[in-house]
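A short write-up of the structure that comes next.
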Amino acid sequence: MNNIQEQARAYRENYGEPRRHEAWRWTPLDTLTARERKSEGSDYQYDLPDAVGEDYGDFADADRRLLDLPDAPYLAQNLAEQRDALLLTVPENTSLDAPLVLNIDLAAPRLQHSRIHLRLGKNSRTACWIDYQAGRAGAQLPVLSIDAAEGAELDLALWFHGTEHTAQLMHIASQQAANSRIRINALQAGGSLHRLDVHSELRGEGSHFAFGGIQHLRGSQIADYHLNVRHHTENSESHQIVRGALDDSAQGYFDGTIYVAHGAQKTDARQNSRYILLHDNARSQSVPRLEIYADDVQCAHGSTTGRLDPDALFYLQSRGISLENARKMLILSFLHEAVVIEHPAILDAVHDSISRDWLGDNNEDAPDAA
């Protein structure tokens, strides 16, 4: 065990029971904690463009920065249990037409740890698709760190799939230099428990961060997005968008923080979450948080929960569309509002995957890295 692992183990032990902390009190963790699982590492399956550098090993500097994140007990557990990580590097001034495609699967009742460090060179442009799949009552605790140099641009799609009694709890930590742009889309569907924590540090003027989260839940599924977006310099921009369609007794959560530091003038930060409840027993909760220490900024948040618009349903039916198809059309349009990525290599695949998940066809493969 190295020094990072020892510090991470101490972090996890000192944090104690997560539900005793405000950041975790609303996330039901029974699916993760109700059974003992043996820890194991991951088998990374990936298809990468030739220009992307890859390495696997111990990256102490990148791991050490992760220990500074607050309220990250399962990230610390990942660091404590898994020494090595996968490092992917996009060289500077490289514009990739094909995406990085990664699949991380678990088909056993184990506790799986994976960790990826993604380094984006100056003025690079990249698309990335990561698919996490869990089965047989397994649990995944993945970690992803993103370091975007000046002018770098990333479009990232994250897909979380699981079967009954599976849990997937992921941490993302990103830091951005001047004029860099990161856009992330995530889909939580299937499985019993999903939680994604995103910690974004905008440290360069002109940097831009966007997150679009989709929750499509049935039965007793639980999904949770926690975002902490922090503006440290002038003229940075962020957008947080969440759309959820909840059926049966599903529960959808969104907790989003916008932090604007002293001197971070001209910040433009917006947050919007909307849920459609498709059953009387479905539940949603949105918690917007604004922490602003500059006076020349534009920051806004909005949150709504409701049913499908009866007037819209009536209009579509009056045009000869059945009630079932009208519902599908309205909900699909609603979920697609959360798409924020722009890279053509994965944009169509993201839209197609949302539609296929809602319509019950999940056989489409991820995009190829040609």
Phe334 being within 18 Å of Trp358 (Cβ to Cβ) and either open to solvent by less than 70 Å² (accessible area, probe 1.4 Å) or acidic (Asp, Glu) (or both) = yes
Filter segment 236-260 for residues that are of a type outside the set (A, V, I, L, M, F, W, C), under 28 Å from Ala178 (Cβ atoms) and either open to solvent by less than 10 Å² (accessible area, probe 1.4 Å) or not in a strand (DSSP E or B) (or both) and give the result.
-> Ser236, Ser238, Gln240, Gly256
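Could you identify the single residue in Gln240, Gln221, Gln251 that is over 28 Å from Ala98 (Cβ atoms) and touching a residue at least 60 places away in the same chain (Cβ under 8 Å)?
Result: Gln251 is the single residue among Gln240, Gln221, Gln251 that is over 28 Å from Ala98 (Cβ atoms) and touching a residue at least 60 places away in the same chain (Cβ under 8 Å).
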Say whether the condition of being crowded, with 17+ Cβ neighbours inside 10 Å and touching a strand residue (DSSP E or B) at 6+ places or on another chain (Cβ under 6 Å) is met by at least one residue in segment 6-27.
-> yes
Taking segment 267-305, which residues are open to solvent by 70 Å² or more (accessible area, probe 1.4 Å), in contact with a Leu (Cβ under 8 Å, 6 or more places away or on another chain) and closer than 14 Å to Gln240 by Cβ?
-> His301
Reported set for segment 59-80 where residues are within 18 Å of the chain's Cα centre (by Cα) and farther than 19 Å from Glu22 by Cβ is Leu66, Asn78
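Yes or no, residue by residue, for (1) free of Cβ contacts under 8 Å to residues at least 40 places away in the same chain; (2) more than 19 Å from Ala139 (Cα to Cα):
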residue: Ile184; (1), (2): no, yes
residue: Leu187; (1), (2): no, no
residue: Ser192; (1), (2): no, no
residue: Leu196; (1), (2): yes, no
residue: Arg203; (1), (2): yes, yes
residue: Phe211; (1), (2): no, yes
Within segment 122-133, which residues are touching a Ser or Thr at 6+ places or on another chain (Cβ under 8 Å) and open to solvent by 10 Å² or more (accessible area, probe 1.4 Å)?
-> Arg125
Search segment 162-187 for residues being open to solvent by 10 Å² or more (accessible area, probe 1.4 Å), out of contact with any helix residue (DSSP H, G or I) (no Cβ under 9 Å at 6 or more places or on another chain) and part of a strand (DSSP E or B), and hand back the single one that is nearest to Asp84 (Cα to Cα).
-> Gly162
So, of the residues in segment 88-104 that are under 19 Å from the mean Cα position of the chain (by Cα) and buried (at least 18 other Cβ atoms within 10 Å of the Cβ), which turns out to be farthest from Tyr56 (Cα to Cα)?
-> Pro99
Taking segment 28-46 as the region of interest, how many residues are under 21 Å from Ala137 (Cβ atoms) and loosely packed, with under 12 Cβ neighbours inside 10 Å?
-> 5
Strands (runs of 3 or more DSSP E) completely within segment 8-124 that count 1 or more residues being touching a residue at least 40 places away in the same chain (Cβ under 8 Å) = 38-40, 45-47, 85-90, 100-107, 110-112, 115-120
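The values are calculated or read from the model by the stated rules, or taken from the named source; none is laboratory data. Just so it is clear, the model here is predicted, and its values are computed rather than measured. With ideal geometry, Cβ positions are generated from the backbone for all residues, glycine too; neighbour counts draw on all protein chains shown. The accessibility values were calculated without ligands, DNA or RNA, using every heavy atom of the protein model including side chains. Shrake-Rupley method; radii C 1.70, N 1.55, O 1.52, S 1.80 Å.
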